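Report on the structure given below.
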Amino acid sequence: MKKRILTGDRPTGRLHLGHYIGSLKSRVDLQDDYEEFILIADVQALTTHFDKPELIHQSIFDVAMDNLSVGLDENKVTIVQQSMVGAIAELTIFYSMLVTVPQLSHNPTIKTEAKNYGYKEMTYGFLGYPVSQTADITFCNADLVPVGDDQIPHIEMARKIVRKFNDLYGTNITEPEAKLSSVGRLSGLDGNAKMGKSMGNALYLSDSPETVWEKVRNGVTDTNRISVKIPGNPDVCAIYKYHQAFSPDEAGNISSMCRNAAIGCVACKKKLAETLNAILDPIRARRNYFENHIDEVKDIISAGTEKANKIGNENLLAIKEKMHVKL
Ligand code: TRP
C-alpha cells in the first residue's frame, strides 16, 4: 500500500515560481511513489478573501491548471475541491472542541499572516483555519504533508489534535508528518525575502516570455556595481539567487564571471530569462491545452472530489460511531 500525501493551495490567484520551487516540483516527483491528494482550499481562501468570492471561484480553475501544467498526472493524483467535501467541515467542528483560543492566537504563522493582512481583530474563521486544515489533512488519513516552514506550526497543531482525539474517543486517525521542502524559500526579484502575490513581486507560471523578461530585467542586482567594468558581488544580487535556484549547475560559473567582471548584469539577466523560459515553456504549453479544454479540468476536479467524499464519508462515519454521535 502506498502512503498518502495531502497538500493544498489557497485559490486566491495563480501560482508562481515560489510555489513551483517550494512545492509543485516535489509534488511531481512524488506522484509515482505516493497516493497524492491536492486540495484546492477554497474555504480556507475565504478566511482572508471572504469579500472576493468571484476571484476564489476563478482561482479554483487557475490553481488546478497550474498543478496539472507542471506535470501532475490526473490519472495519478487526486485533485479535490475543499468546500465540496462535507466530511472536512464536520471534522472541523469536532476538532474545534479540542483547541483553545490561546493555542490558535499564539500560532506564529497566524500571527504573521494577521500582521501582513493588517488585521486588528481576527475573525473566528481566520483564527481557526489551522483546525480546518487539520480536517483537510486527516479526512483521508494522510501520512505526509509536504510543506514550507511556515506551515510547520499547523502540522504540529494537527498532530496534537489528532493525538488528543484518538486518546479521547479511541479513534485511529493518522497523525500526519510534515515533509519539509529541501529548497528554502524563493526570494523576490525585487530583493524582498519572499516572492508572493501580496508582495507584488510574483513571477507566475502562466506569465508570457515577454513578461518574464520584463520582470527579470527589472530585478535587483548588486547596486554598487555601477559599471560592467567593475566586479560584482553575487551574494547581494537577487538575480543570482535565481541562477542558484533554477540552474544550480551553472551558478558557480556565473558567480565567478560576475566577480571577475566577465559578464554584465544585462547579459546575466538575459541568461536567467532563458533559463526560466526553458522551464516555463512546457508548462505554458500544457496550460494552453487545459485553458482550451476547461471542461476536462472541471471533470478532473469533480472526479477527485467524488473520490474524496467517498473516503471522507466512510472515515467520518467510523469516527462518529466511536464518538457516540449517533442515534
Ligand atoms: N495553508 C496552506 C497555505 O497557505 C494551504 C493549505 C490548505 C494546506 N489546506 C492544506 C497545505 C492542507 C497543506 C495541507 O499554503
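So the values come out like this:
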| quantity | calculated |
| --- | --- |
| Qualifying residue in region 55-75 (condition: over 16 Å from the mean Cα position of the chain (by Cα), crowded, with 20+ Cβ neighbours inside 10 Å and within 12 Å of the ligand (Cβ to nearest atom)) | no |
| Region 12-41: number of residues that are near the ligand (Cβ under 10 Å from one of its atoms) and either surrounded by 22 or more Cβ atoms within 10 Å (Cβ to Cβ) or at pLDDT below 95 (or both) | 8 |
| Failed item in (1) crowded, with 17+ Cβ neighbours inside 10 Å; (2) outside any loop (DSSP other than H, G, I, E, B), with residue 186 passing the rest | (2) |
| Residues of region 146-169 that turn out to be part of a helix (DSSP H, G or I) and either of a type in the set (Ser, Thr, Tyr) or near the ligand (Cβ under 10 Å from one of its atoms) (or both), as a count | 6 |
| Tabulated pairs, region 138-154, first under 8 Å from residue 176 (Cα atoms) and among the acidic types (Asp, Glu), second more than 8 Å from the ligand (Cβ to nearest atom) and assigned to a loop (DSSP other than H, G, I, E, B), C-beta under 7 angstrom, 6+ apart or interchain | 143/3; 143/174; 143/176 |
| Single residue of region 134-145 satisfying the filter (buried (at least 21 other Cβ atoms within 10 Å of the Cβ) and not aliphatic (A, V, I, L, M)) that is nearest to the ligand (Cβ to nearest atom) | 136 |
| Yes/no for residue 124 being more than 18 Å from residue 23 (Cβ to Cβ) and within 16 Å of the ligand (Cβ to nearest atom) | no |
| Sole exception among (1) in a helix (DSSP H, G or I); (2) crowded, with 18+ Cβ neighbours inside 10 Å; (3) out of contact with any Phe, Trp or Tyr (no Cβ under 9 Å at 6 or more places or on another chain) for residue 44, by number | (3) |
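Results for (1) farther than 26 Å from residue 195 by Cβ; (2) of a type in the set (Phe, Trp, Tyr); (3) without any contact (Cβ under 8 Å) to a residue 40 or more places away in the chain; (4) out of contact with any Leu (no Cβ under 7 Å at 6 or more places or on another chain), shown as yes or no for each residue.
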residue: 233; (1), (2), (3), (4): no, no, yes, yes
residue: 250; (1), (2), (3), (4): no, no, yes, yes
residue: 253; (1), (2), (3), (4): no, no, yes, yes
residue: 263; (1), (2), (3), (4): no, no, yes, yes
residue: 268; (1), (2), (3), (4): no, no, no, yes
residue: 274; (1), (2), (3), (4): no, no, yes, yes
residue: 288; (1), (2), (3), (4): no, no, yes, yes
residue: 311; (1), (2), (3), (4): yes, no, no, yes
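The values are calculated or read from the model by the stated rules, or taken from the named source; none is laboratory data. Here the structure is a predicted model, which is why all the values come from computation and not from measurement. Every residue, glycine as well, gets a Cβ built from its backbone with ideal geometry; the counts of neighbours run over all protein chains shown.
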